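Right, one structure below, let's go through it.
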Amino acid sequence: MSTHVKMLVVVALAAIVGASHAAAQDKPPAPLPAPKPALVIIPINVQVVISKFQGDKKVSSLSHSLAVTVDGGPSRLRMGAKVPVRQMQGGVSYQDVGTNIDCNATTLDGGRFRIMLTVEDTSIYGDERAELAKATDNPTFRSFHLSTSAVLRDGQSAQFTAATDKVNGEVTKVDVTLTVVK
């Protein structure tokens, strides 16, 4: 074999060995990321019942139902009206009267859910208003505010609170029922 051919063979072999050595030093492609588990959306229905009692006699009971997505954002309910209130300097301002409910739910183990609930209920006093506001022509408002949480299972109910109004002795109770929507 001629020197020229030998030289070509050596150069070719060096190129092949160099290319294979460089390829061996390249990092292998990164493995594909594992697929994320599918997001499980759990819709629930949260029923909130606000009941008022004078002694043992139930004087009102209002039921509110909220569709809530577990581990999602809060569900909000706003129900009411604006009541005009005369100002001392003249003119009128408006007071919100009604019910505001915010509800959020998170998943716990064992088929349980943590329910976070905020309830604001504002109303106008009835006959007892005369005792509170003899000097004005304006309505007198009462308010109830609850912010709490509890753990419930599908189909379970719980009384979240019972509170007594200082002015008229009326007891307000908030009962909550959770139902998983199938």
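Just so it is clear, none of the values below were taken in a lab; they were calculated from the coordinates. These numbers were taken from a predicted model, which means no experiment stands behind them. Note that each Cβ is placed from the backbone with ideal geometry, even for glycine, and that neighbours are counted across all protein chains shown.
Numerical summary
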| quantity | calculated |
| --- | --- |
| Cα gyration tensor shape of segment 59-182, rounded if a/c is under 1.5, else prolate or oblate by comparing a/b with b/c | prolate |
| Integer Hz, Karplus 6.51/-1.76/1.60 couplings in order for segment 163-174, x for Gly and Pro | 9, 9, 6, 5, 7, 10, x, 5, 9, 9, 10, 10 |
| Rounded to whole Hz, the Karplus (6.51, -1.76, 1.60) HN-Hα couplings of segment 141-155, x for glycine and proline | 9, 10, 9, 10, 9, 9, 9, 7, 9, 7, 10, 10, 10, 4, x |
| For segment 43-180: relative contact order, % (alpha-carbon pairs under 8 angstrom, 6 or more apart) | 25 |
| A158-L32 FRET efficiency (beta carbon distance; Förster radius 41 Å; 0.05 resolution) | 0.35 |
| Estimated inter-spin distance, V85 and I124, nm [label 7 Å along Cα→Cβ] | 1.3 |
| Dipole magnitude of segment 43-180, debye to nearest 20 (Cβ charges: Lys/Arg +1, Asp/Glu -1, about Cα centre) | 100 |
| Per-pair calculated FRET efficiency, R0 = 41 Å: V92 and V40 via Cβ, rounded to 0.05 | 0.20 |
